[in-house]
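Scroll down for the structure; my scribbles are underneath it.
The values are calculated or read from the model by the stated rules, or taken from the named source; none is laboratory data. Predicted model only: the values in this text are computed from it and were never measured. Positions of Cβ are backbone-derived with ideal geometry, glycine not excepted, and every protein chain shown enters the neighbour counts.
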Amino acid sequence: MKLTIAKTEFQFSVFSISLYVVLIILLVSLGFWQLGRSEQKQVFINKQLLSADKEALKLTDTIDLNKSRYRTTKLTGYFESSKQFLIDNQIVNGVVGYFVITPFKILELDRSVLVNRGWVRLNKDRRVLPEIAIEDTKRTIIGRINHFPAVGFHLEGAEIPTENWPSVVQVVDVKVLAEKLGYSLFPFQIELDKTMSDGYSRNWKNKTIMPPEKHIAYAVQWFGLAITLTVLFFGFSRRRK
């Protein structure tokens with residue numbers, strides 16, 4: 001196939017055209033996908049900031065997690081110190097440890113919620129669990145509503161906690177933990193505020209691994225590769241007279 005543009009002749013083969021079309025579609029699609037991810041991350045961050053600025057939310061039995069995520073809440077009740085969970089394989093700054101999850105019985109609701117009291121380091125001997133005792137006296141706590149820690153791969157049986165207390169579990173399944181405790185739980189966790197006592201390492205970040213700006217940078221790279229591919233495609237196809 002021959003094409004003449006401004007007195008310059010280009011010659012293409014069916015294979016080269018097919019390869020170019022496939023690659024250009026791929027590169028441009030990746031660029032727009034990164035732009036979409038950037039927009040999603042920005043919406044995500046804005047939602048977190050808006051939620052943090054609102055007044056403390058009072059928990060009710062009909063609370064909607066999607067609308068209430070990242071909202072601050074204030075609760076009065078008791079920690080159940082004798083029945084706590086350790087969420088295994090939680091990495092902070094490259095160090096493996098646990099998140100300490102303690103049931104909190106809310107007085108005004110006669111219902112419980114799992115409170116994430118922070119991160120503790122894993123002992124050299126995995127059989128030795130960290131000391132996480134806490135008094136079960138009446139208290140008022142402040143924390144942030146959020147999903148439970150997520151995992152990349154959910155292996156079969158990872159949601160089953162160990163028999164003894166504190167109970168170690170890989171993946172949080174509220175129904176399974178509620179059955180072990182013997183009472184119902186809210187389907188989310190409360191991340192204990194840094195100002196509260198009886199907590200451990202708590203660096204509750206805005207949960208986005210990659211900021212929007214980095215997605216835009218990747219999009220520019222993909223579009224740049226698409227432009228480079230186009231220049232090379234026509235450059236190698238050009239025929240001198």
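For the stretch 67-84, the criterion of being more than 19 Å from THR140 (Cβ to Cβ) and hydrophobic (A, V, I, L, M, F, W, C) is met by none of the residues.
The set of residues from the stretch 129-149 being closer than 19 Å to LYS67 by Cα and assigned to a loop (DSSP other than H, G, I, E, B) comprises HIS147, PHE148, PRO149.
If the condition is being in a loop (DSSP other than H, G, I, E, B) and either under 16 Å from PHE79 (Cβ atoms) or in contact with a strand residue (DSSP E or B) (Cβ under 9 Å, 6 or more places away or on another chain) (or both), then the stretch 103-125 contributes LEU107, GLU108, LEU109, ASP110, LEU122. Please specify each residue of the stretch 107-125 satisfying the condition of being among the polar types (S, T, N, Q), more than 18 Å from the chain's Cα centre (by Cα) and either at pLDDT 90 or above or closer than 30 Å to LYS67 by Cβ (or both). Selection gives SER112 alone.
When LYS105, LYS83, LYS74 are checked against the criterion of being surrounded by fewer than 22 Cβ atoms within 10 Å (Cβ to Cβ), out of contact with any Asp or Glu (no Cβ under 9 Å at 6 or more places or on another chain) and more than 20 Å from THR195 (Cβ to Cβ), LYS83 stands alone in meeting it. All of (1) closer than 30 Å to ASP125 by Cα; (2) surrounded by fewer than 17 Cβ atoms within 10 Å (Cβ to Cβ) hold for VAL100 with one exception: (2).
Scanning the stretch 11-43 for residues that are over 20 Å from THR228 (Cα atoms) and among the polar types (S, T, N, Q), we see that the one that is surrounded by the fewest Cβ atoms within 10 Å (Cβ to Cβ) is GLN40.
The rows are residues; the columns are (1) among the aliphatic types (A, V, I, L, M); (2) on the phi > 0 side of the Ramachandran plot; (3) modelled with pLDDT under 85; (4) under 22 Å from the mean Cα position of the chain (by Cα).
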residue: ARG139; (1), (2), (3), (4): no, no, no, no
residue: ASN146; (1), (2), (3), (4): no, no, no, yes
residue: GLU159; (1), (2), (3), (4): no, no, yes, yes
residue: PRO166; (1), (2), (3), (4): no, no, no, no
residue: GLY182; (1), (2), (3), (4): no, yes, no, no
residue: PRO187; (1), (2), (3), (4): no, no, no, yes
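Yes or no, residue by residue, for (1) modelled with pLDDT under 90; (2) surrounded by fewer than 14 Cβ atoms within 10 Å (Cβ to Cβ):
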site: ASP193; (1), (2): no, no
site: TYR200; (1), (2): no, no
site: LYS205; (1), (2): yes, yes
site: MET210; (1), (2): yes, yes
site: HIS215; (1), (2): yes, no
site: VAL220; (1), (2): no, yes
site: ILE227; (1), (2): no, yes
site: PHE233; (1), (2): yes, no
site: PHE236; (1), (2): yes, yes
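Only one entry of VAL128, VAL172 meets the criterion of being at pLDDT below 90 and either touching a helix residue (DSSP H, G or I) at 6+ places or on another chain (Cβ under 9 Å) or buried (at least 16 other Cβ atoms within 10 Å of the Cβ) (or both), and that entry is VAL172.
Taken over the stretch 30-56, the residue count meeting the criterion of being at pLDDT 75 or above and not aromatic (Phe, Trp, Tyr) is 12.
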